[in-house]
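Structure first, commentary second.
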Amino acid sequence: MANTQGSKGDYSQGSISKTVIRMAIPITLAELVHVLYNLVDRMYIGHIKDVGTAALSGVGIAFPLITLIGAFANLCGTGGNPLCSIARGEGNNEKAARILKSAFTMLLISGAALTIVMFLFAEPLLGLMGGDAETLPYALDYFKIYVIGIIPVLISLGMNPFINGMGFTKVGMGTVLIGAALNIALDPLFIFTLDMGIKGAAIATVISQTVSAIWVIVFLTGRRTLLKLDGLAVDRTESGRIIKLGVTGFMFKFSNSVAQAIVNMTLKEFGGAASTLYIGAMSIINSLREVVMMPISGITTAAVPVMSFNYGARLYSRVKKTIKFMFGSSFIYNLAAWALVMFLPVPLIKIFTTDPTLISTTVTCLRVYFGVYFLMTMQSSGQNTFIALNKPKFAVFFSTLRKLILIVPFTIILPRVGFGVMGVFYAEMFSQIIGATACFATMIFTQYRKLPEDAVKSQE
């Protein structure tokens, strides 16, 4: 049996529900703060006098590229953290430390490359994302400053899952809390007091992410961590395994980026004179989606290392219990959140804008987009189970199915067959029905039902 490590990072004993909840609470609070981190920019930008709607749409134009940057954090975070937890469950801390070091080094290399490419080609890339004469200047002002902080962004997003996976969820929460608190404080200073507008929002974000990255590095090189980051190195074997599994998280973000770009271009084409309004509405909807998904992300993020550790320790009954709890608790929450968004949309939308036309447009679009959003519990539960059990083929397929195989064609076709510009929002609804159902059903029949009996006795 795997060696136990005391109260930190040993998930082979005790109540599954209590363990997941104990980890999920600080992770969810961290997710809340992280969401605020991003939303505060949009909230302040949307209220800039005279240009708020156009500036908000400009950030919406940059959103696919920002999502793509996050994909590289997912490549190492969602790829390395489950493998690290499995290794610890097997009692192989040396292997787990190699995975940690390789993931960090890979983040630095990819961050440097992304910074150079995205800074040099910002204008043509934003143009491809749907930028026009009205929105492109705002998108450029924000994005060219944002890319300066790509390496800190990747460190804070990509390495924080390792901290949470080792059981230091309060430290992980601190990573986000420090950065978000700074961002919330600096945004009004730079945007309004110093009259820097949208550029000020980007500067505040870069400073905040840099401080978060420093916090992560200090912890992982300090005495408290279970696995110490003591240098830079890429282990070929471990880096290959990280990439193989991490492609799941990467494709999730990458496919999001591609879908968002197609969405922006389609809204621009079919929205006509109101295209800026529709892009602004989608920016608000994406922001609300982040809020809605936040507790789900907290629960599934907490469940992944618990599943991985017990899978590595061959305690398969505990893996099943974790899957059940993850799905059940997520579904109850998601149903309540769906009802709130569907029946009380206006107060939520007013957080981002006071423009009555934009509010009215967003309400109509939001009710279509979120029509069956409670089904996304099945997508997140299935997807994270594949990741936790190191099933990269299933994980990669279902990462791409909903966004690339379903949403992109639906987004292109539906507006051309009678749905008009609203076809973009119906595309999301249809993809949720098909993609989420397929992902969850596949997980149940290929993984959950085929887990064997425990190889060792569970201690509860």
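The sole residue among 103, 112, 73 that is crowded, with 24+ Cβ neighbours inside 10 Å, among the small types (Gly, Ala, Ser), farther than 23 Å from residue 262 by Cβ and in contact (Cβ under 8 Å) with a residue 24 or more places away in the chain is 103.
The set of residues in region 121-133 that are open to solvent by less than 40 Å² (accessible area, probe 1.4 Å) and either part of a helix (DSSP H, G or I) or at pLDDT 95 or above (or both) comprises 122, 126, 127.
A residue that is part of a helix (DSSP H, G or I), open to solvent by 10 Å² or more (accessible area, probe 1.4 Å) and closer than 30 Å to residue 44 by Cβ can be found somewhere in region 327-334.
The numbered conditions (1) at pLDDT below 90; (2) in a loop (DSSP other than H, G, I, E, B); (3) touching a Phe, Trp or Tyr at 6+ places or on another chain (Cβ under 8 Å) are all true for residue 205 except (2).
For (1) surrounded by fewer than 18 Cβ atoms within 10 Å (Cβ to Cβ); (2) part of a loop (DSSP other than H, G, I, E, B); (3) of a type in the set (Ser, Thr, Tyr), each residue gets a yes or a no:
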residue: 213; (1), (2), (3): no, no, no
residue: 227; (1), (2), (3): no, yes, no
residue: 237; (1), (2), (3): yes, no, yes
residue: 266; (1), (2), (3): no, no, yes
residue: 278; (1), (2), (3): no, no, yes
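Could you grab me the full set of residues in region 336-359 that are touching a residue at least 40 places away in the same chain (Cβ under 8 Å), surrounded by 14 or more Cβ atoms within 10 Å (Cβ to Cβ) and not small (Gly, Ala, Ser)?
If the condition is that a residue be touching a residue at least 40 places away in the same chain (Cβ under 8 Å), surrounded by 14 or more Cβ atoms within 10 Å (Cβ to Cβ) and not small (Gly, Ala, Ser), then 338, 341, 348, 349, 351, 352, 353, 355, 358 are the ones that fit.
Within region 343-359, the residues that satisfy the criterion of being β-branched (Val, Ile, Thr) and closer than 11 Å to residue 284 by Cα are 349, 351, 353, 359.
Among the criteria (1) in contact with a Ser or Thr (Cβ under 8 Å, 6 or more places away or on another chain); (2) surrounded by fewer than 23 Cβ atoms within 10 Å (Cβ to Cβ), the one residue 384 does not fulfil is (2).
Apart from one condition, residue 404 fits all of (1) open to solvent by 10 Å² or more (accessible area, probe 1.4 Å); (2) in contact with a Pro (Cβ under 9 Å, 6 or more places away or on another chain); (3) of a type outside the set (Asp, Glu); the exception is (2). Residue 151 falls short on exactly one of the conditions (1) among the β-branched types (Val, Ile, Thr); (2) open to solvent by less than 40 Å² (accessible area, probe 1.4 Å); (3) within 20 Å of the chain's Cα centre (by Cα), and that condition is (2). For region 407-433, residues that are touching a residue at least 12 places away in the same chain (Cβ under 8 Å) and open to solvent by 30 Å² or more (accessible area, probe 1.4 Å) total 7. Is it the case that region 180-203 has a residue that's of a type in the set (Ser, Thr, Tyr), under 29 Å from residue 80 (Cα atoms) and either buried (at least 21 other Cβ atoms within 10 Å of the Cβ) or over 18 Å from the mean Cα position of the chain (by Cα) (or both)? No, because not a single residue in region 180-203 is of a type in the set (Ser, Thr, Tyr), under 29 Å from residue 80 (Cα atoms) and either buried (at least 21 other Cβ atoms within 10 Å of the Cβ) or over 18 Å from the mean Cα position of the chain (by Cα) (or both). Looking at this structure, is residue 253 open to solvent by 10 Å² or more (accessible area, probe 1.4 Å), in a helix (DSSP H, G or I), in contact (Cβ under 8 Å) with a residue 24 or more places away in the chain and over 30 Å from residue 439 (Cα atoms)? When the stated conditions are applied, residue 253 does not pass them. Residue 118: touching a residue at least 24 places away in the same chain (Cβ under 8 Å), at negative phi and open to solvent by less than 20 Å² (accessible area, probe 1.4 Å), yes or no? Here the answer is yes, as residue 118 does meet what is asked. Here region 265-323 is the region considered, the condition is being more than 21 Å from residue 26 (Cα to Cα) and among the charged types (D, E, K, R), and the residue that is modelled with the lowest pLDDT is 268. One residue stands out in region 139-178 among those that are of a type in the set (S, T, N, Q) and in contact with a Ser or Thr (Cβ under 8 Å, 6 or more places away or on another chain): the one that is nearest to residue 119 (Cα to Cα), namely 156. If the condition is being surrounded by 24 or more Cβ atoms within 10 Å (Cβ to Cβ) and either in contact with a Cys (Cβ under 9 Å, 6 or more places away or on another chain) or free of Cβ contacts under 8 Å to residues at least 24 places away in the same chain (or both), then region 85-100 contributes 96, 99, 100.
Mind counting the residues in region 312-326 that are farther than 16 Å from residue 444 by Cα and open to solvent by 10 Å² or more (accessible area, probe 1.4 Å)? Final tally of qualifying residues: 2.
The residues in region 360-370 that are over 19 Å from residue 54 (Cβ atoms) and open to solvent by less than 10 Å² (accessible area, probe 1.4 Å) can be counted, and the count is 3.
The values are calculated or read from the model by the stated rules, or taken from the named source; none is laboratory data. Model, not experiment: these values are computed from the prediction. Glycine also receives a Cβ, built like all others from the backbone with ideal geometry; neighbour counts cover every protein chain displayed. In case anyone asks, the SASA skips ligands and DNA or RNA and just uses the protein heavy atoms, side chains included. Shrake-Rupley method; radii C 1.70, N 1.55, O 1.52, S 1.80 Å.
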